[in-house]
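Have a look at the structure below before the remarks.
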Amino acid sequence: MREFGYQQVSDVETAVATLATSADARYLGGGTNLVDLMKLGVETPELLIDVTTLPLTDISETADGGVLIGAAVRNSDLAANPVIRQRYPAVAQAVLAGASGQLRNLATTGGNLMQRTRCSYFTDVTKPCNKRAPGSGCPARDGEHHNLAILGASEHCIATSPSDLAVALVALDAVVHVREGDSARAVPLTEFRRLPGDRPDLETTVEPGALITGVSLPGLPIAAASRYRKVRERASYAFAIGSIAAAVEVSGGLVTDCRIAWGAVAAVPWRATRAEAMLRGKPVAIESFAAAADAELTAAEPLEGNAYKVALIRNVTVELLAELTGASR
Amino acid sequence: MTSTPTKVPAAPSDTASLRGRIGDSPLRPDGTLKVQGEFAFGSDLWADEMIWGVTLRSPHVHARIVSIDVGPALATSGVYAVLTAEDVPGGNVGLEHADQPVLATGVVRYHGEPVALVAADHPEIARQAAKKIRVVYEELPAVTDGRRALEPDAPQVHGSGNLLRHLKIRRGDPDPVAPLVVSLDFEVGMQDQAFLGPESGLAVPDDAGGIDLYVATQWLHADQRQICQALGLPPEKVRLTLAGVGGAFGGREDLSIHVHACLLALRTGKPIKMVYNREESFFGHVHRHPASLRYEFGAGHDGLLHYAKAELLFDGGAYASSTAAVVGNGGTLGLGPYNIPNVQVDSYGVYTNNPPCGAMRGFGCVQAAFAHEALMDELADRLAMSRVAIRQLNGMREGDRNITGQLIDSAAPVAELLQLVQDMPLPAERLSEDEFDLLSLPGGVSNTTHGEGVVRGIGYAVTYKNVGFSEGFDDYSTARVRLEITADEPTVTVHTAAAEVGQGLITVEQQICRTELGVQRVVVHPRDTQVGSAGSTSASRQTYVTGGAVKAACEAVRAKVLERASTMLDIEPSELVLDGARIVSITGAVVASLQDVLGTDAVDETVKWSHRPTYPVDPETGQGDAHVQYAFSAHRAVVDVDTELGLVKVVALDTAQDVGKAINPDAVVGQIQGGSAQGMGLALMEEIIVTGGRVLNPSFTDYLIPTILDMPPMRIKVLEYADPHAPYGVRGVGEPPTISSGPAVAAAIRQATGKALRRVPIRPEHITEG
Amino acid sequence: MRITTTVNGARREVDDVWEGESLLYVLRERMGLPGSKNACEQGECGSCTVYLDGIPVCSCLVAAGQVCDREIVTVEGLSDQQGLHPVQQAFIECGAVQCGFCTPGLVVTAHDLLARTEHPTDPEIREALAGNLCRCTGYEKILDAVRLAADRLAADRLADIRAGSSGRLT
């Protein structure tokens, strides 16, 4: 680990201004990802600005019937919040499906959205990686990519975002609130993270130095019956190899509205808009769910080692939609 | 050293008031320290003036070292020393063959091989300085596939051929035929011991060119021998003391920080602490050999095995470690506990440029068991026989001879163990979804196998494993036992060099002393090289071998005490009994107190004790009495498999095992539970991913071991059929559960899914793929 | 930098702490409290679990600077003059300790569970302890220990109520 400075700040303006004074500073949330990456030498900031002490630790109800979650709200507090559990259960479920109790007690909402990939080439500084060292190459495509992307990848990078929470949030139309310099901006989560393209080192669409101040969820009746389902290689304390957040509204045997997002399939939490469009207006039936998943997965470009994910995502989607609608199989 | 007296006086009889004799389950003496965080593991040690050592490791799989420039590292403020191969005064090290340089010399042969060392006053400064060492490498062609390694034009790892050992077993008809033939190929991935306490130790130099090393290890004397070799020092200058060991499972049998810390300490004159982080730990110890297995069984329509052919290929990686012995075990035991009249086995160990592999719990038998048990299931299915019945039909019994022609001369309850697990109650059917509250039971409990498409499967497996070192190895242990009166109370001190790694040997030593000498207070001396070798804490051998040595030393102490009493009282020793604090005549009268006999003296006896000899096998036929004892276990696994997602939930993992005599019944159960979890882990999730020789998942995030949510409740039945050749009739306990649990889990998944599943760990995609 | 914090009830001040040091390192190497264990140092095993302001966290991921003026309780702070905490005692009695490297983290995590939940069900125990890896025991005896400790703590509370005293804090 290189030497670095550590600074606590008490307001958002100071945090952003302080970051701007350094060529290579990072905001420090729970540290569960950043500190680990610093130990591995992947992240080498010269200054850490501790944003957990900012007054961003509330979960408040908004005028449109939604909620605003402060960026510094701890994962465990988010999952335990009665409003979240009642109105956005998939969010609570996604949080609880991630990491362990000890880590959820540290990890923050904002930090979770900034979680970096677990690609083993990214986390090993002795290996090439276009995300970590632009232009050095991507050995994952021909190497170990068992848990890497099947959607939205590029020849330069096939990393996946490991966040569980972001999958539930993106399904439920979350908006990220950021402070960029002197101004505040709201960015839909669907547009917040970037696909790799030819710049896998750029992960978000906001300005460098921007600070996440919160995430809002709109008033969304459909979300009250949302669910999150995670597939992983051991029962707990493991990253997803595929996950889904979904909510469905049914009327007269037809799907009138739906939200579907997938995790561990792309560099972003993947909102399955094509699947949603395909499903709206269709009868509640296994065939409809399968067709919706397939519509989204036509864009999939699996590699040899992760081709299993296509079927896995399709199956978990059908399974969860059936569960949510009570469709018989 | 003295030898065991030929005439052994009787053990105390009237000791009903004693607590914690053999057969009891006294609490472990280090438990109180451990639950308070006050037990000193290797990584907790501290000394005045102590500084930190770190290792620079090879980023390449196979490369020539063109040059090393340590200048910038050495110039770093806070750095005391930077060492390379040139600074190693002595020779190579290695458990069986001294083929491994202490620091890479001219060439690196695997990803992670130690190249240089740094000592500095802060671990982070040492790490940063290590990065400044400029090593110029020239990459060489590498061989990273075990079969490729045996081809004539394969790159050479050591320049002397890549074949490390080939064990042949030929028994019976060389051209056997059978009405029914089944065969398969099986692959076993590379498993890690994944002990929780990383490699660690503290080396303290003395003023006379010698060194004291406190280290977490499995075999102090084998370490000492190798350190002496590497440092060019005599044993009296290299003194080892066991630091607290955070688990071992075979992974601490080879050297890790040992020589490195000593070199830095001797160079700087300061105590050196070395502690690996988790990533380095994955590079810093050997792993379980990945294996490629090709099996064929021939049987009659009645289900009786006519013949077996097997080819086992163990990838030993870049250095020998204990590969030769693993090949020996895999070959001699690799057809399972079955009677097979005609046998052809070829067991190979090869050098490659993969990470070195060596000892891990189950040692060669674990890999083989996946193949022979899958094949027994296949045979049963082809014959429409029960999978349990076919194993019982072919199972070994006492008095049978195994495939090396060795007589099984104590209990071999294969059929009974299988019957016991089959007869255990089955777990309840799967709970319906409504019975789970998704939010109150997040994560694995509810979030995995509760959808449609969940099917249940049941699998069985049985194994046998050798106990102790085999094939003619001089396998012994040494114990020193001292009896004296301290503070008016008889006190025994027991001193062995046997590594306590968590299994509870120190409790067992106390129990044996209490039983043999009738004394409640037994002090366990720290383990060090001031007493003779105890052999390794491996091969399920310590309760047998060091237990045997402690028992013999107690007997020698008892004889000495009674000799003294005899002289004092003028009564024949054979007419006296030592009974705790009293000397009693054979008529039952108390004739003296121990205090009278000992006064302020101590009786102190050291005994070197061996089990009965084993023999090398014939090089052409593999026949011979290779092993001293066999231990048997059977498992039944019940799994729920979500066939759409490829997820497996083990809902029950039940087992029966013959332990000969349970010296400490609670600890026996603990060994069975922990061992079973490791076997299950290999079947389901544990694998070091190595591509092109490079390790890709050296962390507990990416190398998964079972959590408490993965481990099902276990029903355990312990049999105690005494082995007449072993002290108290004990049979080794630690390894069999790791061998039969995994194949039972794999069998259950095969039964649930109908898929062949010829590789472990079984990943979700293996279950879901076409 | 200087770190001022409260550890196991006592005010502690440590100088010359480098920013890159974790709370775990400061506890182990600078405060002489090696009870919290360094099994992975990446938040992957739970061996370093301590209470930070009453909440269990992986101390290996907490930067030293983040603990200024906060309260830390480590495994060393769980027993008192009366002896071992019932969780610690139960771990010994149930054989939940083998090598013991995971034990301090598990003891703290189980202590927290029983402080929050009087009679946890088995699934609740498993869920609460899922962030603590153990390689020796297969976890069965750890479950036994938590169940036993829960029973004893409940009995203690009952006795305290009967005796009209406030009793031991869990």
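Computed from the coordinates by the stated procedures, all read-outs in this text should not be read as laboratory data. It should be emphasised that the depicted structure is a prediction, and the values quoted were computed from it without experimental measurement. Using ideal geometry, Cβ is built from the backbone for each residue, glycine included, and neighbour counts are taken over all protein chains shown.
Note on B:301, B:60: ascending count of other Cβ atoms within 10 Å places them as B:301, B:60, the fewest first. Over all orientations, region B:499-575 has a Cα convex hull whose mean projected area works out to 6.1 square nanometres.
As a proxy for reagent exposure, B:309, C:141 were ordered by neighbouring Cβ count within 10 angstrom, fewest first; the result is B:309, C:141. Counting beta carbons within 10 Å around each of B:704, B:420 and listing the fewest first gives the order B:420, B:704.
Our summary of shape: the Cα atoms of the protein assembly as shown have principal axis extents of 102, 78, 77 Å, ordered from largest down, in whole angstrom.
By the combined test of axial Cα extent (at least 24 Å) and Kyte-Doolittle hydropathy (mean at least -0.5), the qualifying DSSP H helices of chain A come to A:308-325. With each label modelled as a point 7 angstrom along the Cα→C-beta vector, the residue B:177-residue C:119 pair spans 7.1 nm.
Under 5 Å from the amide H of residue B:190 lie the amide H atoms of B:688, each residue being 5 or more positions distant or on a separate chain, with H modelled from the backbone and absent for Pro and chain starts. Note on residue B:489/residue A:58: beta-carbon distance plugged into 1/(1 + (r/R0)^6) with R0 of 41 Å gives a FRET efficiency of 0.05. Estimated purely from DSSP H runs of n ≥ 4, each contributing -39500 (n - 2.57), the mean residue ellipticity at 222 nm for chain C is -10000 deg cm²/dmol once divided by its residues.
Computed from the alpha carbon atoms alone, the convex hull of region A:130-176 holds 106 Å³ per residue. Backbone amide hydrogens, once placed in the peptide plane, bring residue B:306 within less than 5 Å of B:298, B:299, B:300, excluding anything fewer than 5 places away on its chain.
Distances over 20 Å make up what percent of all Cα-Cα pairs in region C:3-75? Pairs farther apart than 20 Å: 15 percent.
Take the Cβ-Cβ distance between residue C:162 and residue B:424 as r, set R0 to 51 Å, and report the resulting FRET efficiency rounded to the nearest 0.05. Calculated value: 0.75.
Around the amide H of residue B:56, modelled in the peptide plane, lie the amide H atoms of B:115, B:116, B:117, B:118, all under 5 Å away and 5 or more residues distant in sequence or on another chain. Percent of C-alpha pairs per 5 Å bin in region A:55-329, short distances first: 1, 6, 13, 17, 18, 17, 14, 8, 4, 1, 0, 0.
Could you please state, rounded to a whole Å, how far the C-alpha centre of region B:44-71 is from the C-alpha centre of region C:1-67? Value for the Cα centre distance between the two parts: 27 Å. Using just its DSSP H runs of length 4 or more, each adding -39500 (n - 2.57), chain A gives a mean residue ellipticity at 222 nm of -7500 deg cm²/dmol after division by all residues.
Springs join every pair of Cα atoms under 10 Å in this Gaussian network model of chain C, and among C:145, C:128, C:110 the largest mean-square fluctuation is at C:128.
Estimated from helical segments only, the mean residue ellipticity of chain B at 222 nm is -7500 deg cm²/dmol, where each DSSP H run of four or more residues counts as -39500 (n - 2.57). With the convex hull constructed from alpha-carbon coordinates only, region A:5-50 shows a mean projected area of 3.0 nm² over all directions. 3J(HN,Hα) along region B:548-565, derived from phi through the Karplus expression 6.51 cos²θ - 1.76 cosθ + 1.60 where θ = phi - 60°, amounts to x, 5, 5, 4, 5, 5, 4, 4, 5, 4, 4, 4, 4, 4, 6, 4, 4, 4 Hz, with x in place of Gly and Pro. For region B:478-626, relative contact order (Cα pairs under 8 Å, six or more residues apart, normalised by length) works out to 29 percent. Spin-label model, residue B:587/residue B:400: points 7 Å from Cα along the beta carbon direction are separated by 5.6 nm. Computed from backbone phi, the HN-Hα couplings of region A:135-147 come to x, 7, x, 10, x, 5, 4, 9, x, 7, 9, 3, 10 Hz, rounded to whole numbers (Karplus: 6.51 cos²θ - 1.76 cosθ + 1.60, θ = phi - 60°; Gly and Pro given as x). Across region A:270-277, rounded Karplus estimates of 3J(HN,Hα) from the backbone phi angles (6.51 cos²θ - 1.76 cosθ + 1.60, θ = phi - 60°) give 9, 7, 8, 5, 5, 5, 4, 4 Hz, Gly and Pro being marked x.
The alpha-carbon atoms of region A:171-327, seen along their principal axes, cover 50, 41, 30 angstrom, with the largest extent given first.
Antiparallel DSSP bridges in chain B: what percent, to the nearest 5? Antiparallel bridges make up about 80 percent of those DSSP assigns within chain B. Taking trypsin sites (Lys or Arg not before Pro) across region C:1-104, the ones in a DSSP loop with at most 12 further Cβ atoms lying within 10 angstrom of their Cβ are C:2. Each Cα pair of chain B feeds into the Kirkwood radius, which the Stokes-Einstein equation turns, at 10 °C and 1.306 mPa s, into a diffusion coefficient of 58 µm²/s. Based on Cα contacts under 8 Å between residues 6+ apart, chain C shows a relative contact order of 21 percent.
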